[in-house]
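Bear in mind that the values in this text are calculations on the coordinates, not laboratory data. Since we're looking at a predicted model, the values are computed, not measured. Glycine also receives a Cβ, built like all others from the backbone with ideal geometry; neighbour counts cover every protein chain displayed.
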Amino acid sequence: MGHPKKQKRKYETPLRPWSKSRIESEKDILDKFGIRRKREIWKTESILRNIRRRARELLAKSDEKKEKELFAKLNTMNIHCSKLDDVLSIKLEDVLSRRLQTIVYKKGIANTPRHARQLIVHGHILVSNKKVKWPSYLVGRGEEDTISLDPILAAKFVKAEVKK
């Protein structure tokens, strides 16, 4: 089972991390989504790899119950798929766009993706009136409308603008 204090890794490192094309594509993703480390990209790739693996297994078995479970999970992540072929065509950017950091930036709460990350890590972002301090938190379909700035911090911003 393993030691409870020593968690296992949730990602696999790439076999050839120093290939020029991989470095360039990862750098573009880091800049676009404001990600801090390549490890976060690798974690997202492993999530996507597991989803695709499940879809390939379901194509081979054709189990209706497990298909519905997979589609339900993807719908809660707000990734809409109606067929298993659609699941296999999901891209890394689709999953990265469901991160809390990206959604905070796209909603206009933060000026840049890095600013969104800072607001989240410092505890200024609420999801369903609860502080979430993980920029990699995958936001569900129902939670997207409940993302807001902490009212205490918002009041401080208003006071600072009045003083100017």
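Quick notes on this structure:
- Extension gain for the segment Asp28 to Glu69, taken as residue separation times 0.36 nm less the Cα-Cα distance, is 11.5 nm to one decimal.
- Environment charge at Glu24 (Cβ cut-off 15 Å; Lys +1, Arg +1, Asp -1, Glu -1): +3
- Dividing the mean sequence gap of close Cα pairs (under 8 Å, 6+ apart) by how many residues segment 17-98 holds gives a relative contact order of 29 percent.
- FRET efficiency estimate (nearest 0.05) - Cβ-Cβ, Lys10 to Lys61, R0 45 angstrom: 0.95
- Helical runs (DSSP H, four residues minimum) scored at -39500 (n - 2.57) apiece and divided by the length of the chain put the mean residue ellipticity at 222 nm at -16500 deg cm²/dmol.
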